[in-house]
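These notes are about the structure you will find just below.
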Amino acid sequence: MSEAHKRALIVAFFLSKFDRKGVRVLGYDSFSEAFLAIGHVLGVKSSTVKHMRDSFDPYCSRVRAGWYQRKILRSRANVIAAYDEFSEGAMAEIIKALMSAETEQVKIYLAPIGEVADANAIPDDDNPIAKRIETGERAESIFMETFSSLEMFRQCDLEDTRKLGVGFDFRASLPPSYFAIEVKGIREARGAITLTDREWTVASILRNRYILAIVRALDDFPFVSLIPDPVGSITVRMRTIESVSICWQARV
């Protein structure tokens, strides 16, 4: 895959995930205008940018189905794995660099894609992105269905915070306070879960007000178990994953 196509791939991911808001952030009025302008700047066909966005949609978009009938290409899965936890602001800065900066300045952004050819699709049974999304969505759906019956949240109102990037999926409000709830699903009664650095950091701050809701036995008879204050309740080990990281620097 050429460098231009790698740049376009990450831009297409941004457009898929942040939809029309992402289009406006980049200064365009419509997807059509964005595809034309991005293609021109990066030296690829506008249709290529659109097709790349469509290939991300089954995994990133909440409004478009995209190419759900096709197996995900490894290059797309690598982009999602590297960038899915980034905020809109951080991704916008990366996109602006990809649209204008020299090769040396953007090498770190392109590295997660790798050199695997587009034709190398991931078999359905081995697709980690699809499995993660399916497991997560099922767990979240079951949690929402059972929320009102959970003793800990009696008299609480449930707010969906999944799109806000705040480090947890739901807020259970009981004025003047609230519980932050992160939902994880496992297919058996017991298994491994992964918390992002943001989730673990927020859990470390909120402590007893941060609740892990584990939906267990997804493949059998699902049930919800709650773990208050995961920082003080469970043992974790840190894993370092090669990816892009973002910080915000100022001269003061």
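Readers should treat all values here as calculations from the given coordinates under stated rules, not as data from a laboratory. What you are looking at is a predicted structure, and each value in this text was computed from that prediction instead of being measured. In this analysis, Cβ positions are derived from the backbone assuming ideal geometry, glycine residues included, and neighbour counts consider all displayed protein chains.
Per the Debye formula with a single identical scatterer at each Cα and no solvent contribution, what log10 I(q)/I(0) holds for segment 3-124 at q = 0.11, 0.17, 0.18, 0.20 Å⁻¹?
Here log10 of I(q) over I(0) equals -0.32, -0.80, -0.91, -1.15.
Work out Dmax and Rg for segment 185-235 from the C-alpha atoms and quote the Rg first, both in angstrom.
11.6, 35
Kindly state, to the nearest 0.05, the FRET efficiency for V41 paired with K163, given R0 = 41 Å and r defined as their beta-carbon distance.
Once rounded, the FRET efficiency stands at 0.90.
Once you put a point 7 Å from the Cα of R64 and another 7 Å from the Cα of I205, both along the Cβ direction, what distance in nm separates them?
Each label point is offset 7 Å from its Cα along the Cβ direction, giving 3.3 nm.
What's the local net charge at Y210, with K and R +1, D and E -1, over the other residues with C-beta under 9 Å away?
Summing Lys/Arg as +1 and Asp/Glu as -1 gives -1.
Can you give me the three principal axis dimensions of segment 131-233 from its C-alpha atoms, in Å, biggest first?
Computed over the Cα atoms, the extents are 38, 30, 27 Å.
Please arrange D220, D84 by how many other C-beta atoms lie within 10 Å of their C-beta, fewest to most.
D220, D84
Would you tally the net charge around S225, using a Cβ to Cβ cut-off of less than 11 Å, leaving S225 out, and scoring K and R as +1, D and E as -1?
Net of charged neighbours comes to +3.
Around A34, under 13 Å between beta carbons, what's the net of Lys plus Arg minus Asp minus Glu among the other residues?
Net charge around A34: +2.
Tell me the label-point distance for the pair L150, A111, using the 7 Å Cα-to-Cβ offset, in nm and rounded to one decimal.
3.8
Once amide H atoms are built 1.01 Å from N in the peptide plane, which residues 5 or more positions from G185, or in another chain, come under 5 Å H to H?
V215
At 7 Å along Cα-to-Cβ for each site, give me the label-to-label distance between L174 and E85 in nm.
Here the modelled spin labels are 3.0 nm apart.
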